[in-house]
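Engineer: If you scroll down you'll find the structure; I have some questions about it.
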Amino acid sequence: MEPLAAAVLGAGIAAGCAALGASLANGNVVARTIEGITRQPEARSQLQSTMFIGVGLIEALPLLTWVLALLLMFTIE
């Protein structure tokens, strides 16, 4: 297998795994936030703001993986 083909395959696998992990984590964070809101409705605004920060940090993982995958592909050429 050529190095460029291996880099493209590795980048695709890494991006796919990062997207899968981020989607599972986002689902977990939102589910726990909804659970917390149903238990304590008065803490809704604080829970939502914390959830948005958490979701933003979780979404940074696939973006960083995508950038690293592109860097890997373009440095192999």
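Engineer: Taking the stated definitions as given, is Gly54 more than 29 Å from Met1 (Cβ to Cβ), open to solvent by less than 40 Å² (accessible area, probe 1.4 Å) and in a helix (DSSP H, G or I)?
Structural biologist: Criteria met by Gly54.
Engineer: At pLDDT below 90 and either among the polar types (S, T, N, Q) or surrounded by 12 or more Cβ atoms within 10 Å (Cβ to Cβ) (or both) - does that describe any residue in region 37-44?
Structural biologist: No, region 37-44 contains no residue that is at pLDDT below 90 and either among the polar types (S, T, N, Q) or surrounded by 12 or more Cβ atoms within 10 Å (Cβ to Cβ) (or both).
The values are calculated or read from the model by the stated rules, or taken from the named source; none is laboratory data. Everything numeric here is computed off the predicted structure, so don't read it as measured data. Heads up, the Cβs are rebuilt from the backbone with ideal geometry, glycines too, and the neighbour counts pull from every protein chain shown. Please note that ligands, DNA and RNA were not included when accessible areas were found on the heavy atoms of the full protein model with its side chains. Shrake-Rupley method; radii C 1.70, N 1.55, O 1.52, S 1.80 Å.
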